[in-house]
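Working notes for the structure below.
Just so you know, all these numbers are worked out from the coordinates, no wet-lab data involved. The model shown is predicted, which means the values in this text are computed figures rather than measured ones. Methodologically, a virtual Cβ is constructed for each residue, glycine included, from the backbone with ideal geometry; neighbour enumeration extends over all protein chains shown.
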Amino acid sequence: MTTTAVKQEGPASVTPPATVGSHARNYWGRVRGGDIGALPAVLGLIVLCTVFSIMRPSFLSAGNFANLFTQGAAVTLIAMGLVFVLLLGEIDLSAGFASGVCAAILANVATVLGYPWYVAVLAAIATGVVIGTALGLLVAKVGIPSFVVTLAGFLAFQGIVLMLMKEGSNISVRDDVLVAIANRNLPPVIGWLLAVLGVGGYAAVQLLQHRTRATRGLVTDPVAVVLGRILALAVILGTAVYVLNLERSRNVLVSSLKGVPIVVPVIAVLLIAWTFVLQRTSYGRHVYAVGGNKEAARRAGIDVDRIRISVFVICSAMAAVGGIVAASRANSVDPNTGGSNVLLYAVGAAVIGGTSLFGGKGRVLDAVLGGAVVAVIDNGMGLMGYSSGVKYVVTGVVLLLAASVDALSRRRTASTGTR
């Protein structure tokens, strides 16, 4: 007698839906395994804001809140570009003075030569692209270590800034559009509109991603978690816009000062664009692959040299954007633009935010979170009357702690076998 095997289908072949509890346990398991992401930066930001607000209530004022954005904007933008270089395990020590060179080009084109603002901006960014291409070629094609190449750039670009500034002169930036970038605010209505569009766009992406994964039978986050993320973003953006739309002028009869600083949507747009590039394109996957294992990426058919050159181009282009914002905030460019602590703060921002110095791990969002930590430390300690020396010491300690956490988490990940 012949028996026919019957293929059984049922609950055994169906992935059970994730619950909030299982999601929380999985997240805690990843944290214990060394995958902590930006958690230290977020916790550090909360602790710092709490401490400074208790010790100096003026820290929470609308005026100081707005000042935090403009104060940390240039460093954050430069740090965004450095994330790409750090993802490959490389370093760019010239990013600070590269931003100074680009700012000097901006000022000369706009003020000395009298060209429109958009020509000056394009000239500055094009200068950044040329700088990044030169650095990338020396690293990828000639084989000089990035530390040496960019250290040479650090010295050379400092000299170029001095030459462009006529050995010490100061060039004012008078164009209304350029000055507005870091010194003007959006109308309150526009701020609310951008917040609604931001939350709506994020909600659409999250819900669409959840639906797509569920349709394909892939593991998805619980709906409650997805909705929680959307609600959290709505609360954060809503609170920020509300506070920034408060009147910050000390004399309303003379002038009104309220609204979201223009530099905030500039940072937001670049954050969204570069996040999309890293997480949603084949180029971004190639960057992570090369950063994780360069030889394996080469054997997989990835043009490693092209990727290495491109990250230096992106880094220097973002340094140019940071230089433009710095020139706007100061209303001028001088030989110190891009110098002093700019590079140190930018590298610190990327690492403090969660980007690994060993390559292969990091997000553009890390630069924003780390930039916020650096700005809060600098701003809060300034309000408390501490000297620049104390600020440097505290920032250095925070950077050392972030690097230590990164090293320990990688060791933990290797020991547990998680990735």
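Key figures for this structure:
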quantity: Overall form of the stretch 45-140 per C-alpha gyration tensor (a/c, 1.5; a/b vs b/c); calculated: oblate
quantity: Three-way shape call for the stretch 79-202 based on the alpha-carbon gyration tensor, with the a/c threshold at 1.5; calculated: oblate
quantity: MRE, 222 nm, helices only [DSSP H, n ≥ 4, -39500 (n - 2.57), over the chain, to nearest 500]; calculated: -23500 deg cm²/dmol
quantity: In the stretch 195-284, chymotrypsin sites (Phe, Trp or Tyr not before Pro) in a DSSP loop with at most 15 other beta-carbon atoms within 10 Å; calculated: none
quantity: Residue-wise HN-Hα coupling along the stretch 77-85, computed from phi with Karplus coefficients 6.51, -1.76, 1.60 (Hz; x: Gly, Pro); calculated: 5, 5, 4, 4, x, 5, 4, 5, 5
quantity: Estimated inter-spin distance, Leu162 and Tyr283, nm [label 7 Å along Cα→Cβ]; calculated: 3.6
quantity: Virtual spin-label span in nm between Leu227 and Glu295, 7 Å along Cα→Cβ; calculated: 5.1
quantity: Interchain or long-range residues, amide H under 5 Å from Asn185's placed H; calculated: Ile262
quantity: Most to least packed among 315-321, 118-124 [average Cβ atoms within 10 Å]; calculated: 315-321, 118-124
quantity: Cβ charges +1 (Lys, Arg) and -1 (Asp, Glu), total dipole of the stretch 13-160, debye; calculated: 340
quantity: 5 angstrom amide H check on Ser332, placed H, neighbours 5+ away; calculated: Val173
